[in-house]
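The values are calculated or read from the model by the stated rules, or taken from the named source; none is laboratory data. No experiment lies behind these values; they were computed from the predicted model shown. Heads up, the Cβs are rebuilt from the backbone with ideal geometry, glycines too, and the neighbour counts pull from every protein chain shown. These accessible areas exclude ligands, DNA and RNA; they are computed on the full protein's heavy atoms, side chains included. Shrake-Rupley method; radii C 1.70, N 1.55, O 1.52, S 1.80 Å.
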Amino acid sequence: RVRVDSETKETIISGMGELHLEVYIERMKREYKVEVISGAPNVNYKETISTKAEFDYLHKKQTGGSGQYAKVQGYIEPLSLEEQKELGKTNEFINECIGTNIPPEYYTSCEKGTNDAFTSGSLVGSEV
């Protein structure tokens, strides 16, 4: 696979392993007479959720006015392969808010924040 990185403007080639990439590089040099600058291959790691984990977070911030206060409780658990295929995605946000203390227009922001948290995991910072 070949793609151009929008930030660095580099052409990135992907392969089955280091030897596979070295063969591509040698062919480009030999057949197309192209100068190739190659770096160490990067592995795209992904983190996964292995067991159910509960969380309880209290946010308090006082900045001169009335301040901010929020308590977030919930859990995160792995989806089965069948659920992932059914949903067409790897994660699902289910809102189980009780009462009317949180206005419904905030629910989409909560879901967006949860999905944003999946872009970097807690172990190595890779996508979840």
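Here are a few things to note about the model shown:
- Applying the criterion of being part of a helix (DSSP H, G or I) and open to solvent by less than 100 Å² (accessible area, probe 1.4 Å) to the residues of region 27-71, the residue that is farthest from L123 (Cα to Cα) is E31.
- Considering residues of region 61-101 that are among the small types (G, A, S) and over 18 Å from E111 (Cβ atoms) only, the residue modelled with the highest pLDDT: S80
- Those residues of region 11-26 which are open to solvent by less than 100 Å² (accessible area, probe 1.4 Å) and not in a helix (DSSP H, G or I), in sequence order: T11, I12, I13, S14, G15, G17
- Yes/no for G125 being of a type in the set (G, A, S), surrounded by fewer than 13 Cβ atoms within 10 Å (Cβ to Cβ) and not in a loop (DSSP other than H, G, I, E, B): no
- Remark: pairs (first residue in region 13-37, of a type in the set (A, V, I, L, M); second residue part of a helix (DSSP H, G or I); Cβ separation under 7 Å; 6+ apart in sequence or on different chains) = I13/L21; I13/Y24; V34/M28; V36/I25; V36/M28; V36/K29.
- Condition check for E54: under 25 Å from A117 (Cβ atoms) and of a type in the set (D, E, K, R): yes
- Within region 74-115, the set of residues being under 20 Å from E54 (Cβ atoms) and outside any loop (DSSP other than H, G, I, E, B) comprises G74, Y75, I76, E83, C110, E111, G113, T114, N115.
- Test: residue in region 85-96 that is open to solvent by less than 100 Å² (accessible area, probe 1.4 Å), farther than 17 Å from F118 by Cβ and free of Cβ contacts under 8 Å to residues at least 60 places away in the same chain: no
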